[in-house]
Amino acid sequence: MLRAKGLIQDAKFQEAIELLKNLLGSDLHASDECEALYMLALAQRYLKRVEVALATLAQLLQIDPEYARA
């Protein structure tokens with residue numbers, strides 16, 4: 001997760017998206033899954049993929065409707 005955050009901070013959004021999608025394909029704890037989905041939506045938004053980012057946030061909110069940053 002830290003690597004994905006670093007990629008986003010370095011504006012390597014596509015690399016972050018690929019890493020996060022791989023992480024989401026693995027067995028994550030619910031809180032880690034929410035964090036990965038949030039970072040995925042953030043990277044998607046930076047790449048101006050607004051509709052995709054909103055869909056990712058909707059997926060996050062289905063897992064945790066109380067997630068504050070979504």
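The values are calculated or read from the model by the stated rules, or taken from the named source; none is laboratory data. Everything quoted here is computed from the prediction, not taken from an experiment. The protein model used for the area step is the full one, side chains on, heavy atoms only, and it has no ligands, DNA or RNA in it. Shrake-Rupley method; radii C 1.70, N 1.55, O 1.52, S 1.80 Å.
Among the residues of the stretch 15-55, just one is open to solvent by less than 50 Å² (accessible area, probe 1.4 Å) and assigned to a loop (DSSP other than H, G, I, E, B), namely Leu28. Do the conditions hold for Ala58, that is, is it modelled with pLDDT of 95 or more, of a type in the set (Gly, Ala, Ser) and part of a helix (DSSP H, G or I)? So Ala58 passes the test.
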